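What follows is calculated from the coordinates using simple rules that are stated; it is not laboratory data. Computed from a predicted structure; not experimentally measured. All Cβ positions, glycine included, derive from the backbone under ideal geometry; neighbour counts span all protein chains shown.
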């Protein structure tokens, strides 16, 4: 359940941004999660409400943008979607693939006042 | 080493470390009433990654090889480590950072070998992060050219996401577990460079399929290496020591003095 500490990381960023960008309340946090990023969206939602309680982001909405992962096949060169790390290349069947997108975990946008 | 330390109450305790940091955010600016949207492209793990980068340069500057050992509970990590330290003996000085939710049992087992060890109790936490490890390494004060083993909390999920500043993650998988573990926990096997297939002395008593396990590990990480070892019988341990020695050679390659063996 590392999503709890990931939420603490999010709260840390919100506090830093509050100082840097001069706001005191966060009403919406938009987070991008790549489908291969080690982050479980539902666990993140659960942790988010608990961790934000009593903070500048209490009752803030958490928007999750899930990004589909892509992998490049190192044998045939095709780039295609990958749902699981062990999925073979749909073009040639090789497992020799490099993930090129889908490991992101970042804050994209904040709504503040 | 922890120059930007914001030490908060994250529940983790490092053996022997007294923490006296506080950080308050008193700021009296007046804020605008109206709502606005701020576009950010901020990596949420950036802070951990910054601590990991500090740890990594600490190790690089001293020619220290740091390994992050990850596995499920009960894979035999500590026994393997005890055996490894014994085999490295006088050739190479070893230090250990032990991560567990509770108890200092593992650090006590390591200390019995003569190697300095610091226990981190993560409390409710399910993984080590780079900040805790930085403080533990500070306490250990490893000598130049040594090896630092970081034994992570027994968990094949959460530690995958947290870079600690190590040179390699080494996954330990025992043959009493399933062949499909690399597929069930792909993030960990994707992040590791080496798998130690431990307890191989039990293979004659089990239906465990070594070839299938290796094939599964390569499906999630085509370049992963696999060594079959037994901490109990000593089988395969020489190959692991050879891998360690080669990895240590790489850690020393950028080291100004070039030779640092003790």
Rounded to 0.05, the calculated FRET efficiency for the beta carbons of residue B:253 and residue B:233 at R₀ = 30 Å is 0.35
Determine the percent antiparallel among the DSSP beta bridges restricted to the protein assembly as shown, to the nearest 5. 40
If you find the alpha carbon centre of the range B:45-69 and of the range B:88-112, how far apart are they in angstrom? 19
Please arrange B:193, B:180 by how many other C-beta atoms lie within 10 Å of their C-beta, fewest to most. B:180, B:193
Inter-label distance for residue B:40 and residue A:53, nm, one decimal - labels placed 7 Å from Cα along Cα-to-Cβ: 2.2
Quick one: in the protein assembly as shown, what % of C-alpha pairs are over 31 Å apart? 41
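Going by how many other beta carbons lie within 10 Å of each one, how would you line up B:169, A:25, fewest first? Before the final figure, lay out each step's value.
Details: B:169 22, A:25 17.
Result, fewest neighbours first: A:25, B:169.
Give the Rg/Rh ratio for chain A, taking Rg as the radius of gyration of the Cα atoms and Rh as the Kirkwood radius, to two decimals. The partial results should precede the final answer.
On the way: Rg = 17.4 Å, Rh = 15.5 Å.
Value, to two decimals: 1.12.
Nearest 5 percent is fine: what portion of the DSSP beta bridges confined to the range A:3-112 is antiparallel?
Numbers: 14 of 21 bridges.
Of all bridge pairs located within the range A:3-112, approximately 65 percent are antiparallel.
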Using the Kirkwood radius built from alpha carbon pairs, what does the Stokes-Einstein equation give as D for the range B:140-248 at 25 °C and 0.890 mPa s, in µm² per second? 166
What FRET efficiency do you get for residue A:61 and residue B:102 if R0 is 41 Å and r is their Cβ-Cβ distance, rounded to the nearest 0.05? 0.65
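In whole percent, what relative contact order does chain B give with Cα contacts below 8 Å and a gap of six or more residues? Intermediate values should be presented prior to the final figure.
Details: 493 pairs, mean separation 62.1, N = 262.
Relative contact order comes out at 24 percent.
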Residues of the range B:43-80 with amide N under 14 Å of the 7 Å Cα→Cβ point at residue B:112: B:78-80
Among beta bridges assigned by DSSP with both residues in chain B, the antiparallel ones amount in percent, to the nearest 5, to 5
Residue A:28-residue B:202 pseudo-label distance in nm [points 7 Å out on the Cα-to-Cβ vector]: 5.2
The rounded separation in angstrom of the Cα centers of the range B:169-225 and the range A:40-113 is 25
Can you sort B:140, A:19 by how many other beta carbons sit within 10 Å, fewest first? A:19, B:140
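Based only on Cα atoms, what Rg/Rh ratio does chain B have, Rh being taken as Kirkwood's radius? Provide the component values of the computation, followed by the final result.
Details: Rg = 19.9 Å, Rh = 19.5 Å.
Using only Cα positions, Rg/Rh for chain B is 1.02.
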Compute the distance in nm between two label points, each set 7 Å from the Cα along the Cα-to-Cβ direction, one at residue B:13 and one at residue B:50. 2.9
